[in-house]
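Have a look at the structure below before the remarks.
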Amino acid sequence: MSRLPLPGSPRSARAVLAAGLAAALAALPSGAAHAFTGGNHEEITRAALPWEPVTLTAMADAHDGAVNANDRRPYFDVGPLHCDNADYLAPRYSAGYPRTRDEATTELLACVRTSVTRFRNAVRAADGLVDADGRVRADQSDLSTPCAWDGKPGRAKCAVLEQLGRGWHQIEDFYAHSNWSDRATAGPIGLANPPGLERTGHPPFLDIRRYSAMKDADWTREARGRVPADLATGCYPDFDSAGVKAADCEGRVAHNRTLNKDTAASSRARAGAKTGDNFRRATAGATAEITRQWNDFRAELLAAYPDHGRGAQMVCALVHDDPAAACP
């Protein structure tokens with residue numbers, strides 16, 4: 001079984017991950033969750049996007065939407081596709097923590113890199129939505145039959161939605177899996193209760209549009225400097241960017257026992273309800289973030305394809321269910 005390449009990973013790490021992923025997927029229990037549920041991804045995405053209903057369903061549907069495609073195999077068990085394993089606890093809270101700040105940041109940036117790559121791919125795929133004179137191509141924007149989300153060549157609209165959805169999934173997961181928006185729970189800060197950053201603004205290291213125009217080495221260096229010292233996402237027993245699979249996350253800030261806000265009843269969400277409802281905060285943050293990401297993508301299409309109003313027609317084709325009629 002092949003696996004999704006991780007941009008920027010060493011070739012040797014890819015080989016390790018490819019071999020290990022096949023075995024892990026065979027043993028993975030069905031129904032295991034380490035992301036917002038499909039229904040939560042759907043609610044967030046629907047709330048964020050002002051699209052017409054058929055197109056919005058193609059993107060957001062809990063079972064068949066592009067934004068949930070990363071929760072299918074073989075993508076489910078690849079940590080950077082869910083912003084997992086950027087766990088860290090400063091020495092003042094836990095002496096001898098097994099992961100350094102730099103190692104945790106490297107995992108976070110592997111997650112960001114997947115979204116940057118998908119953004120670039122989506123901009124390129126949008127070129128097929130309209131012809132050279134700016135007329136919408138009806139055959140390339142038709143959603144009368146479902147998109148496959150299999151990465152294979154097909155209708156341009158399906159390709160754009162797949163790239164955006166696969167890039168947005170981990171951005172939404174970042175809010176569910178990190179302490180970015182959390183309020184710390186009662187009791188001492190430590191392994192079972194990492195600090196909450198209580199942030200309400202957009203994370204500066206998720207500036208996907210800007211990074212897409214930069215060399216990977218340049219934006220990675222810049223983004224690394226924008227990561228707060230106490231930021232963490234939970235350790236999950238999936239493959240990190242180097243192809244290493246944590247056995248059980250013992251001794252680390254864990255997803256399942258600690259930072260998980262995938263549902264309102266999950267660990268950090270439950271605890272956070274006493275101090276400010278961390279599930280609600282994560283959901284609100286993710287919704288605002290996807291609205292920002294969509295607006296940035298629209299702006300990029302307008303800037304990248306100015307001739308004959310092609311960029312504006314691409315945007316029109318993406319938001320309308322019958323763009324051949326709606327986008328004269």
What ranking do VAL112, VAL315, VAL244 get, fewest neighbouring Cβ atoms within 10 angstrom at the top? VAL244, VAL315, VAL112
Counting other beta carbons within 10 Å of each Cβ, put LEU302, LEU109, LEU318 in order, fewest first. LEU302, LEU109, LEU318
Going by the alpha-carbon gyration tensor, a ≥ b ≥ c the square roots of its eigenvalues, is the stretch 44-113 rounded (a/c under 1.5) or, if a/c is not under 1.5, prolate (a/b greater than b/c) versus oblate? prolate
Every cysteine in the chain with no other Cys Cβ under 4.7 Å from its Cβ, please list them in numeric order. none
Candidates for volume of the Cα convex hull per residue in Å³ are (1) 241; (2) 124; (3) 152, and the calculated one carries label (2)
A correct fewest-to-most ranking of ARG135, ARG209, ARG281 by other Cβ atoms within 10 Å would be ARG135, ARG209, ARG281
With 0.36 nm assigned to each residue of separation and the Cα-Cα distance removed, ALA47 to ALA138 gains 30.0 nm
Taking 0.36 nm per residue of sequence separation and subtracting the Cα-Cα distance, how much length would be gained by fully extending the chain between ALA264 and THR145, in nm to one decimal? 39.4 nm
Gap separating the Cα centres of the stretch 236-259 and the stretch 120-175, nearest whole Å: 32 Å
Over the stretch 11-326, what is the relative contact order in whole percent, taking alpha-carbon pairs under 8 Å and six or more residues apart? 26 percent
In terms of the charge dipole of the chain, which places +1 on Lys and Arg and -1 on Asp and Glu at the beta carbon, the residue among ALA312, LEU161, TYR75 farthest towards the positive end is TYR75
Note to self, the chain gives a 222 nm [θ] from helices alone (DSSP H runs n ≥ 4, -39500 (n - 2.57) apiece, / all residues, nearest 500) of -14000 deg cm²/dmol
Between GLU198 and VAL54, take the C-beta separation as r, use R0 = 25 Å, and let me know the FRET efficiency to the nearest 0.05. 0.05
Kyte-Doolittle cut-off -1.0, length cut-off 18 Å along the helix's own axis using Cα: show which whole DSSP H helices in the chain pass. 11-27, 101-126, 156-177, 278-304
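Where Lys and Arg each count +1 and Asp and Glu each count -1, what net charge lies around ASP133 among other residues with Cβ under 13 Å from its Cβ?
+1
Throughout, read-outs are computed from the coordinates displayed, never taken from laboratory work. From a predicted model like this one, the values you see are computed outputs, not experimental measurements. Backbone-built Cβ (ideal geometry, glycine too); neighbour counts: all protein chains shown.
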